[in-house]
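A.B. asks: Dumping the structure here so I can ask a few things about it.
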Amino acid sequence: MRIGRAVLTAVLAVAAGYGAAKGYVYYKTRAVVERAIELAAILGEIEYGTISSTLHTGTVQVERLTFEATGVPDTVTIRTLSLSTGNFMGLLNLARQSGGKEPPAALSVRFDDLNVATDGALLRLADRLSQTAAASAGVPQTNPNCGHQPTEGFAILSRLGYEALTADGEISYRLDRASGNLVLDTGFEVDDMVRVKTRMVLAAGNGIPDFSGPPALKELDLRYKDLGYKDRLRRFCTQAAKIGDAAYVQAELDYGMFSRQFGIVPGPGLREAYRNFLETPNAEWHVVLRPNEGFDPRGISLYRPEDVLWQLNAALAVNDRAIEDLSFRYGEPPPVRPAPEPPREIAAPASPLRAPSGPPVRIDRPPTEQPYRTIPVGELGRYLHHYVRLQEPGRQPREGVLTDVTGGVALVERRYDTGKITVKVPLRRIAQAEVRR
């Protein structure tokens, strides 16, 4: 009997503790939500339904949120908005620190079924603001490959057949105290449109990235998956410009995404990759950047295109096919004829998707190409202060002066007008090592 009473007492104590924890989390969450509503009152009115929590996963959830902007007869709804720390103690610590102080080591925020009408007043206002900003920046307002119709902004969505935007999204971060890195993940998906996922690794020695100097980006991994937007836009543009699919693809290759959005003229490899993307349903881009140590993007305009690729350690795949030739140049693309006259049909360039022997232009090298000879990777230490070329599978060759080989890593130095950058190349990744004669 005593044992039964003890067990019952323990169960009641646990239940009481669990109920107290749930009540405490609910109280703190409700206080934060109400405070957010007060702060947002100048922008509009926010209403919500219920608040719930799942303690063992450290998750709190707010359901049925609605937002009505002040002076705009339109409503944005969110089915659920949740926040998670991964475990109960993380959630409890976050609730205790809701007034500020140190952020948790890991946190994710997710929303499901965010819905807004494409022809509503809110997106019409956003479209006018974006057009004004684009006009002031000198950005073209129409697309010559689309019958000179505007294709940027939100107004195009209704014309493509989207009645509403329904989106899910998540933003999370995790602090890796062992490496001193902050890992930031984002993921957004709009129904029948696109899915975008990114992962950034930022140097964060004390738990917070230092943005006072050059950006602390160590890695960027981006995936862009088309879920139907590209094909809707193609159908709309071919009708507006009165051209066929092949002419539209060629026009996009000549004066498309790269020139309009990035201001560059792609080389053969990027052109063929873009053609593959345009012609394949539900196509996907996958971009990985691992900037060299000391690379400062604020001076990127001073570098030549091949230097940009070398410093970013860029890798690209389209539909899971690696693109070896990432060459490009700065400049204007060839002009296209005004709509409705179809763009001039040009034969598609032959696919050059073969690993290049090196960048188009060499650095620290006389105009005449100097011959190289292949050496065993294990003998690199014998060629300190020589100009070397190290090839890793699926990447641009690493070229420069070999300054050291230590700890299983080769240090390659490359000089620029603005200074020098040293790259660490793990010996185990080197498929071929060459030294200039």
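A.B. asks: Within segment 372-436, what whole-number % of the accessible surface is contributed by carbon and sulfur, with the 1.4 Å probe and all protein chains included in the calculation?
C.D. replies: The value for segment 372-436 is 46 percent carbon and sulfur by accessible area.
A.B. asks: Something else: Using mean Cβ contacts within 10 Å as the protection proxy, how do 185-194, 377-386 order, highest first? Please report the intermediate quantities before stating the final value.
C.D. replies: On the way: 185-194: 16.0, 377-386: 13.5.
Packing order, densest peptide first, comes out as 185-194, 377-386.
A.B. asks: Given points 7 Å out from each Cα along the Cα-Cβ axis, report the T57 to K242 separation in nanometres with one decimal.
C.D. replies: So the label points at T57 and K242 sit 5.6 nm apart.
A.B. asks: For a test of the definition: using alpha carbon positions, the gyration tensor, and the 1.5 limit on a/c, classify segment 372-436 as rounded, prolate or oblate.
C.D. replies: Rounded, because the longest to shortest axis ratio a/c is under 1.5.
A.B. asks: Counting only heavy atoms of the protein chains, get the accessible area per residue of segment 372-436 (1.4 Å probe) and round it to a whole Å² value.
C.D. replies: Normalised by residue count, the accessible surface of segment 372-436 is 49 Å².
A.B. asks: How much FRET efficiency would the formula 1/(1 + (r/R0)^6) give for E219 and T66, where r is the Cβ-Cβ distance and R0 is 41 Å, rounded to 0.05?
C.D. replies: 0.60
The values are calculated or read from the model by the stated rules, or taken from the named source; none is laboratory data. What you see is a predicted model, and the numbers here were worked out from it, not measured in a lab. Positions of Cβ are generated from backbone atoms using ideal geometry, with glycine treated the same way; all protein chains shown enter the neighbour counts. Only protein heavy atoms, including side chains, enter the accessible area calculation; ligands, DNA and RNA are left aside. Shrake-Rupley method; radii C 1.70, N 1.55, O 1.52, S 1.80 Å.
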